[in-house]
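J.: Quick one: structure below, then a few questions.
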Amino acid sequence: MLGVIGGSGLDRIEELQITDHKVVDTPYGSPSAALTFGKLHGQALVFLPRHGHDHSIAPHRINYRANLWALHAHGVREIVAVSAVGGITTTMTTGLLVVPDQIIDYTHCREASFFDGVANPLQHVDFTLPFSSVMRKRLFDAGSAAKQKLHDGGTYGATQGPRLETAAEIDRMERDGADIVGMTGMPEAVLARELGLEYAMLALVVNAAAGRGDSVREISMAEIQAVAEAGMCQVRRIIQAIGGSSGR
């Protein structure tokens, strides 16, 4: 079953034939919202908005463990994680859809593992390639089917939030090798890996990062919202194309 985790701007999926809503409890507490079950062009799908249905949960307050556990416990094995990001490098222009292939984690004080030696015995997982090649391919196939251009590759820098970054922090991140910046990619990606889920990110660049381009002095939240609303229409078309694909 396919799971879609919606980020900023994606609180529903058009054309999803909803069959059920389920409030779920997990060993790690409550997920961000009830799970929405349905079918999209014959593909069974579960949708979960990571910030809640009213977009009220800050990135550092999201119960990532409960979200991933709930999806896994209800049959999800493949996940598309939708994220709004800032563009750091010159190739990451506003409005671009990106399928990143690497992550740098700048977050702190988040519950970042199921294998913490408390709730579950300590285990180590390989995270050399943090995103699933299977799901990345499905995204590119869906992009082709929907006639939507997707940028292949890039390093996602995960920051703490909810504040945006300083220009100096973005300079540092670029030196580190980050191409885009967001607040929710970690620990979401590693928790998916620990559960054996095929997880990939579809990132929409909604603004130039701090100190870059139009954001050289200030980042306009109104402009971010406008780009997100337009770009999420493209994201929905890609998700619909995944629903209409034959899978692997």
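The values are calculated or read from the model by the stated rules, or taken from the named source; none is laboratory data. The shown structure was predicted, so the numbers you read here are calculated from the model rather than taken from an experiment. For neighbour counting, all protein chains shown are included, and Cβ atoms are generated from backbone atoms with ideal geometry for every residue, glycine included.
J.: Look at residue 165 and say whether it is of a type in the set (D, E, K, R), surrounded by fewer than 21 Cβ atoms within 10 Å (Cβ to Cβ) and either in a loop (DSSP other than H, G, I, E, B) or over 15 Å from the mean Cα position of the chain (by Cα) (or both).
T.: Here the answer is no, as residue 165 does not meet what is asked.
J.: A further question follows. Going through the range 92-147 one residue at a time, which ones are closer than 16 Å to residue 193 by Cα, hydrophobic (A, V, I, L, M, F, W, C) and part of a loop (DSSP other than H, G, I, E, B)?
T.: Hits for the range 92-147 are 112, 114, 115, 122, 125, 127, 129, 131.
J.: In this structure, is residue 61 more than 22 Å from residue 165 (Cα to Cα), surrounded by fewer than 18 Cβ atoms within 10 Å (Cβ to Cβ) and modelled with pLDDT of 95 or more? Show your work before the answer.
T.: Values: more than 22 Å from residue 165 (Cα to Cα): no; surrounded by fewer than 18 Cβ atoms within 10 Å (Cβ to Cβ): yes; modelled with pLDDT of 95 or more: yes.
Judged against the criteria, residue 61 is not a match.
J.: State all residues of the range 79-91 that are buried (at least 18 other Cβ atoms within 10 Å of the Cβ) and assigned to a loop (DSSP other than H, G, I, E, B); if no residue qualifies, say none.
T.: The answer is 88, and nothing else.
J.: Aromatic (Phe, Trp, Tyr), within 17 Å of residue 3 (Cα to Cα), buried (at least 20 other Cβ atoms within 10 Å of the Cβ) and under 17 Å from the mean Cα position of the chain (by Cα) - does that describe any residue in the range 194-206?
T.: yes
J.: Could you run through the range 62-78 and say how many residues are assigned to a helix (DSSP H, G or I), within 16 Å of residue 36 (Cα to Cα) and out of contact with any Gly (no Cβ under 7 Å at 6 or more places or on another chain)?
T.: Final tally of qualifying residues: 6.
J.: Regarding residue 248, is this residue at pLDDT below 90, in contact with a Leu (Cβ under 8 Å, 6 or more places away or on another chain) and of a type outside the set (Asp, Glu)?
T.: When the stated conditions are applied, residue 248 does not pass them.
J.: Continuing with the same structure: Checking residue 178 against (1) closer than 10 Å to residue 89 by Cα; (2) part of a helix (DSSP H, G or I), which test does it fail?
T.: So the condition that residue 178 fails would be (2).
J.: Hey, any hits in the range 5-26 for a residue that's under 15 Å from the mean Cα position of the chain (by Cα), surrounded by fewer than 17 Cβ atoms within 10 Å (Cβ to Cβ) and of a type in the set (Asp, Glu)?
T.: Within the range 5-26, one or more residues are under 15 Å from the mean Cα position of the chain (by Cα), surrounded by fewer than 17 Cβ atoms within 10 Å (Cβ to Cβ) and of a type in the set (Asp, Glu).
J.: Taking the range 144-156, which residues are in contact with an Asp or Glu (Cβ under 7 Å, 6 or more places away or on another chain) and surrounded by 18 or more Cβ atoms within 10 Å (Cβ to Cβ)?
T.: 154, 155
J.: While we're looking at this one, here's another question. Out of all the residues in the range 102-147, which are among the acidic types (Asp, Glu) and touching a Pro at 6+ places or on another chain (Cβ under 9 Å)?
T.: Listed by number, the residues that qualify are 105, 111.
J.: In this structure, does residue 211 turn out to be touching a residue at least 60 places away in the same chain (Cβ under 8 Å), assigned to a loop (DSSP other than H, G, I, E, B) and over 18 Å from residue 235 (Cβ atoms)?
T.: Against the criterion (touching a residue at least 60 places away in the same chain (Cβ under 8 Å), assigned to a loop (DSSP other than H, G, I, E, B) and over 18 Å from residue 235 (Cβ atoms)), residue 211 does not qualify.
J.: Does residue 186 satisfy being modelled with pLDDT of 90 or more, buried (at least 21 other Cβ atoms within 10 Å of the Cβ) and assigned to a loop (DSSP other than H, G, I, E, B)?
T.: So residue 186 fits the description; yes.
J.: Looking at 101, 116, 105, which one is at pLDDT below 95 and either crowded, with 21+ Cβ neighbours inside 10 Å or of a type in the set (D, E, K, R) (or both)? Before you say what the answer is, go through the steps one by one.
T.: Details: 101 fails: at pLDDT below 95; 105 fails: at pLDDT below 95.
Answer to the selection: 116.
J.: Sticking with this one: Taking the range 105-125 as the search range and keeping residues that are among the acidic types (Asp, Glu) and touching a residue at least 24 places away in the same chain (Cβ under 8 Å), which one is farthest from residue 182 (Cα to Cα)? Steps first, please.
T.: Taking the range 105-125 and keeping what is among the acidic types (Asp, Glu), we get 105, 111, 116.
In the following step, the residues that additionally are touching a residue at least 24 places away in the same chain (Cβ under 8 Å) were identified as 105, 111.
Numbers: 105: 10, 111: 18 Å.
Result: 111.
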